Amino acid sequence: MFERSVVVGDEPIPYYYGFGCADDLVNALAAELKNADAGLLIADRAVAPFAEDILGRLAESMTMHVYFLDAEERNKTLGAVQSVIDFAVDRRLTRDSFFLAMGGGLTGNIAGLAASLIYRGVRFAHLPTTSVAAFDSVLSLKQAVNLPRGKNLCGCYARPTAIACDLGWLTTAPRSGLVNGLAEMVKNVLIATPEHETLLLRSLSQLGEEAAPDALLSLMHIGIDAKEPLLRADPKERREALIFEYGHTAGHSIEFVSQGVICHGEAVAWGMLVAAEVSRSLGYLDEAEVAHHREIVAHLGLPDPRSRLGGLDFARLRQVLAADNKRGYVQCAPDEVPMVLLKGVAEPVLAVSGHPLVAVPLDTVMTALSTVAAL
Ligand SMILES: NC(=O)c1ccc[n+]([C@@H]2O[C@H](COP(=O)([O-])OP(=O)(O)OC[C@H]3O[C@@H](n4cnc5c(N)ncnc54)[C@H](O)[C@@H]3O)[C@@H](O)[C@H]2O)c1
């Protein structure tokens, strides 16, 4: 088992990970959460066998409960958060209890928000089981759920006590799920760590039909290396770390309007192509840089964008874009949306305020969306 101390703000979060290391993870978690009076494991039903294994091991030394949820984007609601809290209160968990979130980014967000709201906050740990979660979403304090008007509109910041991942958990996801999730890693290479491009592409090709342990370990290191320096400086991702929102403006609207049929990673991949088109139309990126975006995204092996985006309701995409949750960081008219744009690899366009955000007319984004949907 490896242990990395990921510094977010001025405090470290221990990240325990490895391949086939559930015993070591349980020991590390038990040590982190010692003195708790009980634990609640909130787990994605899709990973029930892994959850029951962890539950059995932890139950040897403490009182444990388990709550299974169905990880579907349309269920990522305040109602889902309340159900978790009701369950915990019914089982008489206290301020001294802890939550464990086992699943993908969706489970982490619901459980993280529930942990921060119940009794005004209990300790929690993440046990990620998807590539999006293991290499990206758990490396963030942001927790949020969707509202009818859009994606991640209601949430808070909550710091996990620890993160623990057996990379073997990721291998039961379909290959498409594993690779789609790596869109966030492609994003990190484009916005922050271009020096990792060769290693990332090699790891992607090594994944083959079966997830190779060495490739997954490399991806874990690439993910942490890309995120940590910015999270250390900007733990709430409100200034320079907003750059991690690259591809998420159009991406979130695609994910939301497709009701999760287009999963987060794939949606971010299309969102990065949309951002590149917007940058080209505003004169920030040239044709070669847009082509570089397309080439690197092509390594994810996604279906063609026409078949995925062509059938979406574009009027609804526009409405969801208009409610983007980055509004308020920079001045933005109602018919504009704040976007992270690049003027080169790892070179964001900065607002006067220093935020890596540009107010872009919705018409420009919609034109870029149509261009990508016709590729
Ligand atoms: N900073 C943040 O908080 C942050 C960052 C990125 C993404 N997110 C959020 O995370 C969510 C996307 O995360 P995700 O891509 O992990 O999706 P997810 O959690 O919705 O999981 C995707 C699918 O994989 C299944 N699954 C999970 N683990 C599995 C496994 N090991 N084997 C088989 N199936 C498995 C789930 O049941 C689900 O059907 C979005 O809601 C997004 O907004 C949050």
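The values are calculated or read from the model by the stated rules, or taken from the named source; none is laboratory data. Here the structure is a predicted model, which means the values were calculated and not measured. Positions of Cβ are generated from backbone atoms using ideal geometry, with glycine treated the same way; all protein chains shown enter the neighbour counts. Remember, those area values only see protein heavy atoms, side chains included, never the ligands or the DNA or RNA. Shrake-Rupley method; radii C 1.70, N 1.55, O 1.52, S 1.80 Å.
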Under 10 °C and 1.306 mPa s, how fast does the stretch 310-374 diffuse according to Stokes-Einstein, given a Kirkwood radius computed over C-alpha pairs? Answer in µm²/s, whole number. 126
Shape of the stretch 1-100, Cα gyration tensor, a/c cut at 1.5: rounded
Within the chain, the percent of DSSP beta bridges that are antiparallel, given to the nearest 5, stands at 45
Suppose we keep just the alpha-carbon trace of the stretch 2-172; what are its Rg and Dmax in angstrom? 14.5, 44
Could you tally the net charge around Val337, taking each other residue with its Cβ under 12 Å from the Cβ of Val337, Lys/Arg +1 and Asp/Glu -1? -2
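Classify the stretch 192-295 as rounded, prolate or oblate from the Cα gyration tensor: take a ≥ b ≥ c as the square roots of its eigenvalues, call it rounded if a/c is under 1.5, otherwise prolate when a/b beats b/c and oblate if not.
Rounded is the answer for the stretch 192-295, as its axis ratio a/c remains below 1.5.
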Leu321 neighbourhood, Cβ < 15 Å, K/R = +1, D/E = -1, net charge -2
Under 5 Å between amide hydrogens, which residues at least 5 positions from Phe2 or on another chain qualify, with H placed 1.01 Å from N in the peptide plane? Tyr17, Gly18
Under 9 Å from the Cβ of Ala38, count the other residues' Cβ atoms, weight Lys and Arg +1, Asp and Glu -1, and hand me the total. 0
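Let me have the 222 nm mean residue ellipticity of the chain computed from DSSP H runs of 4+ only, each contributing -39500 (n - 2.57), with the sum over all residues rounded to the nearest 500.
Calculated at 222 nm, the ellipticity per residue is -13500 deg cm²/dmol.
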For the stretch 332-351 and the stretch 122-168, compute the distance between their C-alpha centroids and round to whole Å. 25
Round to a whole angstrom and tell me the spacing of the C-alpha centers of the stretch 234-309 and the stretch 25-97. 33
Accessible surface of the stretch 121-178, 1.4 Å probe, proportion on carbon and sulfur as whole %: 58
Cα convex hull of the chain - mean projected area over all directions, nm²: 16.7
So which trypsin sites (Lys or Arg not before Pro) in the stretch 152-243 pass both tests, a DSSP loop state and at most 15 other Cβ atoms within 10 Å of the Cβ? Lys236, Arg238, Arg239
Counting only protein heavy atoms and using a 1.4 Å probe, what share of the accessible area of the stretch 221-375 belongs to carbon plus sulfur, as a whole percent? 53
From the square roots a ≥ b ≥ c of the eigenvalues of the alpha-carbon gyration tensor of the stretch 175-373, which class results: rounded (a/c under 1.5), prolate (a/b over b/c), or oblate? oblate
Lys34: which lysines have alpha carbons under 29 Å from its alpha carbon, excluding same-chain residues fewer than 8 sequence positions away? Lys142, Lys227, Lys236
Got a sec to turn the phi values of the stretch 141-148 into Karplus ³J(HN,Hα) couplings, 6.51 cos²θ - 1.76 cosθ + 1.60 with θ = phi - 60°, whole Hz, x for Gly and Pro? 8, 6, 10, 7, 10, 8, 10, x
Suppose all protein chains stay in the model; what accessible area per residue would a 1.4 Å probe give for the chain, in Å²? 39
Pick out the long, greasy-scoring helices in the chain: whole DSSP H runs spanning 20 Å or more along their own axis by Cα, mean Kyte-Doolittle at least -1.0. 213-233, 264-281
